[in-house]
Amino acid sequence: MNDRNPILVQLSLNGAWLAVVLASSCTRAEPPKLTFAAYGDGYSQKVDFARVEHDFPLSRDDLSKLTPDNIKNYDQEQVDQIYARLTAGAIPAGAYEGGLFFPKGKSGDGRLSEIVGGLKGMAVELKSIKLEMLGATLWKGKVFYPEQHLLRNRIEDLRLLAPVLGGHVDDIAKLEVDGKEQWLLFPAKVYCGQRLLDGRRESIVIDYFYSAELPGYRERPDFLASRNGLQVRDEIRMVRPGFYLGRAYVGKVFLLSFTLFNSDVARANAVAADEGCWSGTQHHVIASKN
């Protein structure tokens, strides 16, 4: 089958994977009590992010309380308001642990198939699987190569990708993280650019659109994220050194949030001297609680 034709991808989980994912997603850490602007469900009740940053700046103490576990327990508007008050920070280097999530009260059921169903040339069917489960069992994080403006995604188990791998896997690059061997797939270009949520300042953009032109590209399964597939675009901003909050888009439609964390960088609490991305016309406001 030609990869450029409409594609039906069927994914399934066995009982062992399902049990692991359910066990890991049963609890969520209580989030810190941050201040948010008032908002409602309607479009007219959405807040102006520039006003949020001016009126409710996040202090260093606020940011220090956020973790990859507790940030998941805010609702989507609150996650958006946190993201809006962050600056891009330094472009990461090396391996980062990843965790995708749908905020409190939301579910990934049907979200991917709903969005992808409207994209020309691509049909995706999810068989007995939630998007959160897919991420927890398949995607383990990203590896950044800042000097090349490149990254690859860390995949721990290839079985879920079997329908689109196209045979042998000997040519797939590997990386060992914490004693576990992982495959490096889905290369993307990394650069500074305006975010889709609002254009006040830049984010670190992870762009899969032209991934076929990047080193390490493998037609199967890497095309799934490229312009010939789902047209994935990620954007990240730094919460603090070693910890980033991200937003994932499919065909410019928001899909889910995710976190990236590197414990070594977090412990060192340091970033490169060159911040890497423009912080906007208004530098990040740090509130003082003294």
- Restricting to strands (runs of 3 or more DSSP E) lying wholly in the range 137-205: which have 3 or more residues that are basic (Lys, Arg)? none
- Task: Could you tell me which residue of the range 37-49 is surrounded by the fewest Cβ atoms within 10 Å (Cβ to Cβ), considering only residues that are modelled with pLDDT under 90 and under 15 Å from Val79 (Cα atoms)?
- Result: Asp41
- Query: Would you call Gly246 in contact with a Gly (Cβ under 9 Å, 6 or more places away or on another chain), of a type in the set (Gly, Ala, Ser), free of Cβ contacts under 8 Å to residues at least 60 places away in the same chain and in a strand (DSSP E or B)?
  - Reply: yes
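Just name the residue that is nearest to the chain's Cα centre (by Cα) out of those in the range 49-90 that are part of a loop (DSSP other than H, G, I, E, B) and over 19 Å from Pro103 (Cα atoms).
Among those that are part of a loop (DSSP other than H, G, I, E, B) and over 19 Å from Pro103 (Cα atoms), it is Ala88.
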- Query: What number of residues in the range 12-36 are aromatic (Phe, Trp, Tyr) and either at pLDDT 90 or above or part of a loop (DSSP other than H, G, I, E, B) (or both)?
  - Reply: 1
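So that you can scan it fast, the table gives a plain yes or no per residue for (1) free of Cβ contacts under 8 Å to residues at least 40 places away in the same chain; (2) farther than 17 Å from Leu255 by Cα; (3) surrounded by fewer than 17 Cβ atoms within 10 Å (Cβ to Cβ):
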residue: Arg51; (1), (2), (3): yes, yes, yes
residue: Asp61; (1), (2), (3): no, yes, yes
residue: Pro68; (1), (2), (3): no, yes, no
residue: Asp75; (1), (2), (3): yes, no, yes
- Out of Leu134, Leu119, Leu185, sole residue that is within 27 Å of Asn70 (Cα to Cα) and either at pLDDT below 90 or under 19 Å from the mean Cα position of the chain (by Cα) (or both): Leu134
- Task: Could you grab me the full set of residues in the range 160-193 that are free of Cβ contacts under 8 Å to residues at least 60 places away in the same chain, farther than 23 Å from Arg233 by Cα and either surrounded by 14 or more Cβ atoms within 10 Å (Cβ to Cβ) or not charged (D, E, K, R) (or both)?
- Result: Ala162, Gly166, Gly167, His168, Val169, Gly179
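The values are calculated or read from the model by the stated rules, or taken from the named source; none is laboratory data. Predicted, not measured: the structure shown is a model, and the values here were computed from it. Positions of Cβ are backbone-derived with ideal geometry, glycine not excepted, and every protein chain shown enters the neighbour counts.
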